[in-house]
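**Q** This is the structure I want to talk about, given as structure tokens.
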Amino acid sequence: MRRSLIFILTLLGLTACGMTATATVDPVATGRQAYTIYCAACHSVSDVGNESFGPNLSALYARAQSEPDPGAWLREAIIYPNTELAPGYQAGIMPMSYATDLSAEKLDGLVAYILKVGAPQP
Ligand code: HEC
């Protein structure tokens, strides 16, 4: 009886440690990494010194601001890029596979990253 109690307490302790470890992962860092791998070929962070295929992250941030929930809109726009189109851009260039290719953590990270680096910098 006493033994199993110790076992359960140890298990709880380990779970708690594991949870703290995941909670401290910075979504912006996850997003920055995913952006570099999946998005940077077409989207630059800003116009400065950069050509890009798609709208830069500042433009995406600016459009998201006119939505009731900017984060939710960005998430949808990444998964379904052709539902709306960025002004001046064509459909069919942005890949439509991110709904299945990207984990929820990566998607959340990308949204956090765009909301951070797309915002006007002081
Ligand atoms: C092959 C080039 C390409 C890649 C790779 C790409 N995009 Fe795009 N993206 C575009 C183009 C072109 C548009 C403008 C057309 C449109 O709005 O769908 C766009 C539009 C968007 C939009 C706005 C969609 C809308 O509803 O208006 C968001 C948000 C976005 N991209 C985010 C991302 C993120 C995040 C990644 C990486 C996971 C990514 N894109 C990867 C080319 C690309």
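The values are calculated or read from the model by the stated rules, or taken from the named source; none is laboratory data. This is a predicted model, so every value here is computed, not measured. All Cβ positions, glycine included, derive from the backbone under ideal geometry; neighbour counts span all protein chains shown. What goes into the accessible areas is simple: the full protein's heavy atoms, side chains included, and nothing from ligands, DNA or RNA. Shrake-Rupley method; radii C 1.70, N 1.55, O 1.52, S 1.80 Å.
**Q** Go through Ala59, Ala112, Ala86 for me and flag whichever is in contact with a Pro (Cβ under 8 Å, 6 or more places away or on another chain) and in a helix (DSSP H, G or I). Give the derivation first.
**A** Details: Ala59 fails: in contact with a Pro (Cβ under 8 Å, 6 or more places away or on another chain); Ala86 fails: in a helix (DSSP H, G or I).
The match here is Ala112.
**Q** Here are some conditions: (1) free of Cβ contacts under 8 Å to residues at least 24 places away in the same chain; (2) surrounded by 18 or more Cβ atoms within 10 Å (Cβ to Cβ). Ser52 meets all but one. Which one does it not meet?
**A** Evaluating Ser52 over (1) free of Cβ contacts under 8 Å to residues at least 24 places away in the same chain; (2) surrounded by 18 or more Cβ atoms within 10 Å (Cβ to Cβ) leaves (2) as the failure.
**Q** Scan region 62-114 for residues that are of a type in the set (D, E, K, R) and near the ligand (Cβ under 9 Å from one of its atoms) and jot them down. Before the answer, list the steps.
**A** Narrowing region 62-114 to residues of a type in the set (D, E, K, R): 63, 67, 69, 75-76, 84, 101, 105-106, 108.
Passing the criteria: Arg63, Arg75, Glu76, Glu84, Asp101, Lys106.
**Q** Look through Ala72, Ala34, Ala64 and report the one residue that is modelled with pLDDT of 95 or more, in contact with a Pro (Cβ under 8 Å, 6 or more places away or on another chain) and within 28 Å of Pro120 (Cβ to Cβ). Step through it out loud before you land on a result.
**A** On the way: Ala72 fails: in contact with a Pro (Cβ under 8 Å, 6 or more places away or on another chain); Ala34 fails: in contact with a Pro (Cβ under 8 Å, 6 or more places away or on another chain).
Only one candidate passes the filter, namely Ala64.
**Q** Here's a check for you: in region 75-95, which residue that is within 25 Å of Gln121 (Cβ to Cβ) and open to solvent by less than 40 Å² (accessible area, probe 1.4 Å) is farthest from the chain's Cα centre (by Cα)?
**A** Looking at the filtered set, the residue picked out is Ala86.
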